[in-house]
Amino acid sequence: MKILVTGGLGFIGSHTVVELQNEGFDVVIVDNLSNSSDEVLKGIVAITGKMPIFENFDLREKSAVIDFFKRHADISGVIHFAASKAVGESVENPLLYYENNINTLVYMLQQLQAKDEANFIFSSSCTVYGQAEKMPITENASVQPAASPYGNTKQIGEEIITETCKVSGINAILLRYFNPIGAHPTAEIGELPIGVPQNLVPFITQTGAGLRQELSVYGDDYPTLDGTCVRDYIHVVDLAKAHVVAMQRLLNKQNSEKVETFNVGTGTGSTVLEVIQTFEKVSGKKLPYKIVGRREGDITSAYANTDKANNVLGWKAQSTLEDALESAWKWEKKIRSIDN
Ligand code: NAD
Ligand code: WQD
């Protein structure tokens, strides 16, 4: 069975391609390399022994999307990762985000709507919950007004899919990711942030590798165990596997509604200081850091209630924070050619 993975050379997409190929799916990747490299294909082949089909084009080109679906009429399912994802950049340039995250989604859905039936998985985010009232967060928690254009594209994206599924043969699963981190345990693929990383774990591993002088911890006066923010850090391989299980559910017509939503997290919250301590443990390095003021827009705490994914999807995160940080560190060392 052939699965289209848009953004399949990116961080989460590449790990998902590996898990799909490991399960025997044929994969077609569409990626315009705006935030990735075709070198990632080598890593995918090194792990799976199989080269996916790769087409390099921009999904904002509607005619290219139409042409693609004409040439690949036999696609059984689509996993749509392609999007821009930097929260700060989305505030600076909202239209870039609305064009790249919304237009591409609409063009994809238009082609799928023309079919008798189609299966679609969307990369959503825990950002839709904002600062939820109750922890852990269930899928029933209310969606809050978006804090950024990026977050808004995820909320609008969910709505566009829900409305379209009602009037078409498309069935969809919305996966709300918590904080994906780590790399493939082989260190053949991993995260490749461009410029200074905005996210915690790549900043930590780059600091460990000597690329950054020290980590700034954004605030230690939050009402949490040690004053730093709490997040649910999920190993990217576990997240990738959730996509495979979700796709199998759609392909086997096991879904109970046209659109289903699942949290994808570990169910455990960790503070920034806990992440630092765990990194120090797995790397054997002291991490230089200083406490600075809060970062604008940060919420205090977000971790998932994963009961629905556990019970309905039959999926559960297997890796610990330690496993995930170990894989992230192994990857960082490999790409920086560090021996120990
Ligand atoms: P990423 O930037 O590593 O991957 C996205 C890929 O899509 C890149 O390879 C990029 O080149 C490609 N792409 C972007 N625009 C495109 C276009 N117009 N046409 C073709 N290809 C295009 O990001 P990621 O971390 O792997 O995230 C994947 C998805 O998951 C995104 O939708 C993101 O919003 C969502 N998400 C990510 C996180 C996270 O923390 N990483 C959390 C929640 C949700
Ligand atoms: C984690 C924690 C920071 C960097 C973002 C997006 C969200 C989602 C995932 C896509 C926070 C602290 C960070 C640093 C720090 N993406 N931190 N020093 O903010 O939970 O979520 O990525 O959907 O939409 O907003 O992740 O990794 O940036 O931060 O102290 O240099 O680490 O304050 O508490 P976040 P993050």
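The values are calculated or read from the model by the stated rules, or taken from the named source; none is laboratory data. This structure is a prediction, so every number in the text was calculated from the model and none was measured. Here Cβ is always computed from backbone atoms with ideal geometry, including for glycine, and neighbour counts include all displayed protein chains. Heavy atoms of the whole protein, side chains included, go into the accessibility calculation; ligands, DNA and RNA do not. Shrake-Rupley method; radii C 1.70, N 1.55, O 1.52, S 1.80 Å.
Things to note:
- Positions within region 116-144 being open to solvent by 20 Å² or more (accessible area, probe 1.4 Å) and among the hydroxyl-bearing types (Ser, Thr, Tyr), in sequence order: 127, 138, 142
- The condition of being touching a strand residue (DSSP E or B) at 6+ places or on another chain (Cβ under 8 Å) and either at pLDDT 95 or above or small (Gly, Ala, Ser) (or both) does not hold for residue 114.
- Any hit, region 324-336, residues being among the aromatic types (Phe, Trp, Tyr), surrounded by 16 or more Cβ atoms within 10 Å (Cβ to Cβ) and in a helix (DSSP H, G or I): yes
- Test: residue 58 is within 29 Å of residue 150 (Cα to Cα), of a type in the set (Asp, Glu), open to solvent by 20 Å² or more (accessible area, probe 1.4 Å) and away from ligand 2 (no atom under 16 Å from the Cβ): yes
- Residue 195 part of a loop (DSSP other than H, G, I, E, B) and modelled with pLDDT of 95 or more: no
- When 139, 92 are checked against the criterion of being more than 24 Å from residue 236 (Cα to Cα), more than 9 Å from ligand 1 (Cβ to nearest atom) and not hydrophobic (A, V, I, L, M, F, W, C), 92 stands alone in meeting it.
- Strands (runs of 3 or more DSSP E) wholly inside region 198-314 that include at least 2 residues being away from ligand 1 (no atom under 16 Å from the Cβ): 215-218, 259-264, 289-292
- For region 1-46, the candidate set comprises residues that are farther than 22 Å from residue 252 by Cβ and among the charged types (D, E, K, R); within that set, the residue that is surrounded by the most Cβ atoms within 10 Å (Cβ to Cβ) is 31.
- Residue match in region 156-165 (condition: of a type in the set (D, E, K, R), assigned to a helix (DSSP H, G or I) and open to solvent by 40 Å² or more (accessible area, probe 1.4 Å)): yes
- Some residue of region 71-86 being of a type in the set (S, T, N, Q), within 10 Å of ligand 1 (Cβ to nearest atom) and surrounded by 15 or more Cβ atoms within 10 Å (Cβ to Cβ): yes
- Pair list, Cβ < 6 Å and 6+ apart or interchain, from region 183-203 residues that are closer than 23 Å to residue 45 by Cα to residues that are exposed (fewer than 15 other Cβ atoms within 10 Å of the Cβ) and modelled with pLDDT of 95 or more: 187/334; 188/46
- Filtered by the rule that a residue be charged (D, E, K, R) and under 20 Å from the mean Cα position of the chain (by Cα), region 189-239 gives 191, 231, 232, 238.
- Any hit, region 17-40, residues being outside any loop (DSSP other than H, G, I, E, B) and within 16 Å of ligand 2 (Cβ to nearest atom): no
- Flag if residue 73 is of a type in the set (A, V, I, L, M), at pLDDT 95 or above and within 20 Å of residue 9 (Cβ to Cβ): no
- Pair list, Cβ under 7 Å, 6 or more apart: region 147-159 residue free of Cβ contacts under 8 Å to residues at least 40 places away in the same chain, other residue more than 11 Å from ligand 2 (Cβ to nearest atom) and part of a loop (DSSP other than H, G, I, E, B): 155/143
- Selected residue [surrounded by 20 or more Cβ atoms within 10 Å (Cβ to Cβ), modelled with pLDDT of 95 or more and more than 18 Å from residue 132 (Cα to Cα)] from 293, 269, 208: 208
- Single condition residue 146 does not satisfy, out of (1) under 14 Å from the mean Cα position of the chain (by Cα); (2) part of a loop (DSSP other than H, G, I, E, B): (1)
- When restricted to residues that are of a type in the set (D, E, K, R) and either touching a residue at least 60 places away in the same chain (Cβ under 8 Å) or assigned to a loop (DSSP other than H, G, I, E, B) (or both), region 54-88 contains 5.
- Of 185, 180, all but one fail to be open to solvent by 20 Å² or more (accessible area, probe 1.4 Å) and in a strand (DSSP E or B); the exception is 180.
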